[in-house]
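Participant: Quick one: the structure is below, questions incoming.
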Amino acid sequence: MIRFKAVGVRFGATEALADVSVTVETGVLCALVGPSGSGKSTLMRLVNRLIAPSSGQVLVRGADVMAQPAPALRRSIGYVMQSIGLFPHRSVAENIATVPRLLGWPAPRRKARVAELLALVQLDPGLATRRPAALSGGQAQRVGLARALAADPDILLMDEPFGAVDPLTRRDLRAELRRIHAETGKTILLVTHDPEEALELASQIVVLRHGRVVADGAPAALVGSTAPAFARALLGGEQPGLRRLSLVPAREALAAAPAPEGAPRLAAGASLADALSRMAETGAAVLALEGEAGSLRLAAILERGR
Amino acid sequence: MRAIAHPWLAPLLLAALLWALAFGLAGVGALPARRLAGLAGIHAGLALAGVVPAALLGLLLGVAVTRKMGRPLRPAADALAAAAQAVPPVVVVALAVPAMGFGWGPVVLALLLYGLMPVLRATVAALEAVPPDALLAATALGYTPFGRFREVEAPLAFPLVLDGLRVALVLGVATAAVGALAGAATLGTPIVLGLQNQNQLLVLQGAAATAALAFAAEGVLLALAPSARGVSAGAASARPEAVGQAKAVEYKAVE
């Protein structure tokens, strides 16, 4: 668990963060979003003491970070950054094994772990002996992710991790992250300026502006009509209604009345946006849902778009 | 790449040629070969006695002024090194003799001052060329400041530092000839003798032998240097690094 308690950060005369109180529960993937200079990276860097709070407290696993030695704290928290920062003089395997080596793991254990991680991030084991200069952008970012995960930290910090790769690779990496999060149940803090990325990956979103928290909640709530206007505009884009529908499972609008014979059927995991799209395609105002007895009606869907 | 696969070859060949010339002159009235070889040995020792402390001091200062705490000292260190470089070694020797007497003392001082700047400049430049994102990553992964210096900063800076050390050594070997003015026996001795006695052969012999030693020093260091196996600062994949720099700028703006 990560808890910010009334945290403020000043850099000289500039106030980077003011009175930020946020709690990220264990196992949650929390996205920090906001425009450039809103303080989202600063907020994240408080967690591993890359930045010290000027006021307030940052608790990691219940303990104040400032009361812990920085190197030990940082070794217990994975860190991925946009510029990756692989060590150019070390091989891929050595890069990945950095934290295990700092923790004093014996060589055979490190070697086994590197092999495991290369498999986890789906990299060719033959790359292990290469230097970072010989990698593509996507491969380098996967190595960066593997390096962050090397000592199996329960907390992972990701500072715009997919910003510098092409859109296709970014999609793959996002899927990878979702899978790894689902498999390992780590607490992940993700800084991103891409609202779609935040909505797609996160179960909690914190919206920052001018160093203050504007909104903090579940993705669907932050694009709904009750969300603060800034958060809704940032996350919802041009079509906040559709965004919200895409975040709500179709099951939630299910009515008890059975669907008429021959109504189009939706897959079990579909969202309300999928339902609306199917209605637009077929002209049917009532749908059936795979594995459910009830029916989906247009009015019920529209109701949940707000 | 093939042409520079053995960068030490040319300086060592030149050294051999010049050495042969200096020895050949021994047969036509210049200093005998044994004496010349003896002077070369002393010359090398004197050069090292000046260059080694210059290198140590330059490295130490270079590392110190690139640390957070030492950064305010940077202008002072730069000024010191520039001033030390600006005074010709001959002048240092001439000024130091009254204070330190004849012999190695004034020469070592002159060489130390002369060698300081190339080492300091190279060290600072090399440390500043270490990719900032690699340093940030090292900190974020939990290196201690010393661990980060030893395992990330120093190895990445080393090839460029070595260039500075080589320059200092070659300068030192070439300049040690002025030791003859302070009464230290060096390869400058035949030059001074030749000038006093209007014997051009002696001057030529001393000059050739000094140059041979300087080229040899260059060649030996080039041969000892580890090949730059993609270690240079720019070797990190270019695109993410550019982004990293943009990011660093953004952070500066926040600060």
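Participant: Just wondering, is there one or more residues in region B:155-166 that are in contact with a helix residue (DSSP H, G or I) (Cβ under 9 Å, 6 or more places away or on another chain) and within 30 Å of residue A:153 (Cα to Cα)? Write out each step before concluding.
Facilitator: If we filter region B:155-166 for residues that are in contact with a helix residue (DSSP H, G or I) (Cβ under 9 Å, 6 or more places away or on another chain), which is where we start, we get B:156-166.
Those still in the list that are within 30 Å of residue A:153 (Cα to Cα) too: B:156.
Checked against the condition, which is being in contact with a helix residue (DSSP H, G or I) (Cβ under 9 Å, 6 or more places away or on another chain) and within 30 Å of residue A:153 (Cα to Cα), region B:155-166 yields at least one hit.
Residues are listed down the side, and each one gets a yes or a no for (1) at pLDDT 80 or above; (2) surrounded by fewer than 19 Cβ atoms within 10 Å (Cβ to Cβ); (3) small (Gly, Ala, Ser):
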site	(1), (2), (3)
A:201	yes, no, no
A:219	yes, no, no
A:232	no, no, no
A:238	no, yes, no
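Participant: Next up: If residue A:57 meets every condition in (1) within 19 Å of residue B:140 (Cβ to Cβ); (2) more than 8 Å from every other protein chain (Cβ to nearest Cβ) apart from one, which number is that one?
Facilitator: (1)
Participant: Only one of A:15, A:25 is among the acidic types (Asp, Glu) and at pLDDT 90 or above. Can you tell me which? Break it down into steps so the answer makes sense when it comes.
Facilitator: Numbers: A:15 fails: at pLDDT 90 or above.
Just a single option satisfies the conditions, and that option is A:25.
Participant: Tell me which residues, restricted to region A:1-46, are within 11 Å of another protein chain (Cβ to nearest Cβ) and either part of a strand (DSSP E or B) or over 26 Å from residue A:220 (Cα atoms) (or both).
Facilitator: A:9, A:10, A:11, A:12, A:13, A:14, A:15, A:16, A:17, A:45
Participant: How many residues are in contact with a strand residue (DSSP E or B) (Cβ under 7 Å, 6 or more places away or on another chain) and over 30 Å from residue A:151 (Cα atoms) if we restrict to region B:87-144?
Facilitator: Within region B:87-144, residues that are in contact with a strand residue (DSSP E or B) (Cβ under 7 Å, 6 or more places away or on another chain) and over 30 Å from residue A:151 (Cα atoms) number 0.
Participant: Show me the helices (runs of 4 or more DSSP H) entirely contained within region B:131-220 in which 3 or more residues are out of contact with any His (no Cβ under 9 Å at 6 or more places or on another chain) and closer than 29 Å to residue B:16 by Cβ. Walk me through it before giving the result.
Facilitator: Values: elements: B:132-141, B:145-148, B:154-175, B:188-196.
Answer list for region B:131-220: B:154-175, B:188-196.
Participant: When you scan region A:169-236 for helices (runs of 4 or more DSSP H) that lie fully inside it, which ones turn up with 2 or more residues that are on the phi < 0 side of the Ramachandran plot, without any contact (Cβ under 8 Å) to a residue 12 or more places away in the chain and out of contact with any helix residue (DSSP H, G or I) (no Cβ under 6 Å at 6 or more places or on another chain)? Before the answer, list the steps.
Facilitator: Numbers: elements: A:195-201, A:219-222, A:229-236.
Once the helices (runs of 4 or more DSSP H) in region A:169-236 are filtered for at least 2 residues that are on the phi < 0 side of the Ramachandran plot, without any contact (Cβ under 8 Å) to a residue 12 or more places away in the chain and out of contact with any helix residue (DSSP H, G or I) (no Cβ under 6 Å at 6 or more places or on another chain), what remains is A:229-236.
Participant: Within region A:81-93, can you find the residues that are outside any loop (DSSP other than H, G, I, E, B) and within 12 Å of another protein chain (Cβ to nearest Cβ)?
Facilitator: In the first step, residues of region A:81-93 are kept if they are outside any loop (DSSP other than H, G, I, E, B); the result is A:81, A:92-93.
Answer for region A:81-93, where residues must be outside any loop (DSSP other than H, G, I, E, B) and within 12 Å of another protein chain (Cβ to nearest Cβ): just A:81.
Participant: Here's another thing I want to ask about it. Taking into account only those residues within region A:94-135 that are within 11 Å of chain B (Cβ to nearest Cβ) and without any contact (Cβ under 8 Å) to a residue 24 or more places away in the chain, which is nearest to residue A:78 (Cα to Cα)?
Facilitator: Here the answer is A:101.
Participant: Determine whether region B:153-168 contains at least one residue that is among the hydrophobic types (A, V, I, L, M, F, W, C) and at pLDDT below 80.
Facilitator: Quick first cut of region B:153-168, residues among the hydrophobic types (A, V, I, L, M, F, W, C) only: B:154, B:156-158, B:160-162, B:165, B:167-168.
Subset that is at pLDDT below 80: none.
No; the residues of region B:153-168 include none that is among the hydrophobic types (A, V, I, L, M, F, W, C) and at pLDDT below 80.
Participant: Let me ask something else. Restricting attention to region B:157-170, and to residues there that are buried (at least 24 other Cβ atoms within 10 Å of the Cβ) and farther than 17 Å from residue B:223 by Cβ, which single residue is farthest from the chain's Cα centre (by Cα)?
Facilitator: The selected residue is B:157.
Participant: Would you mind telling me which numbered condition in (1) more than 25 Å from the chain's Cα centre (by Cα); (2) surrounded by fewer than 23 Cβ atoms within 10 Å (Cβ to Cβ) residue B:141 fails?
Facilitator: (2)
Participant: Answer yes or no as to whether residue B:125 is surrounded by 23 or more Cβ atoms within 10 Å (Cβ to Cβ), part of a helix (DSSP H, G or I) and hydrophobic (A, V, I, L, M, F, W, C). If you could, list the steps in order and put the result at the bottom.
Facilitator: Details: surrounded by 23 or more Cβ atoms within 10 Å (Cβ to Cβ): no; part of a helix (DSSP H, G or I): yes; hydrophobic (A, V, I, L, M, F, W, C): yes.
No, not satisfied.
Participant: Could I ask something else about it? When residue A:176 is evaluated against the numbered criteria (1) at pLDDT 85 or above; (2) within 18 Å of the chain's Cα centre (by Cα); (3) surrounded by 15 or more Cβ atoms within 10 Å (Cβ to Cβ), which criterion, by number, is the only one it fails?
Facilitator: So the condition that residue A:176 fails would be (1).
Participant: Out of all the residues in region A:248-306, which are under 21 Å from residue A:226 (Cα atoms) and assigned to a strand (DSSP E or B)? Lay out the reasoning, then the answer.
Facilitator: Of region A:248-306, the ones under 21 Å from residue A:226 (Cα atoms) are A:248-250, A:252-253, A:271-273, A:299-306.
A:249, A:271 - these are the residues of region A:248-306 that are under 21 Å from residue A:226 (Cα atoms) and assigned to a strand (DSSP E or B).
The values are calculated or read from the model by the stated rules, or taken from the named source; none is laboratory data. Keep in mind that what you see is a predicted model, and the values were worked out from it rather than measured. Cβ sites come from the backbone with ideal geometry, for glycine too, and all protein chains shown count toward neighbours.
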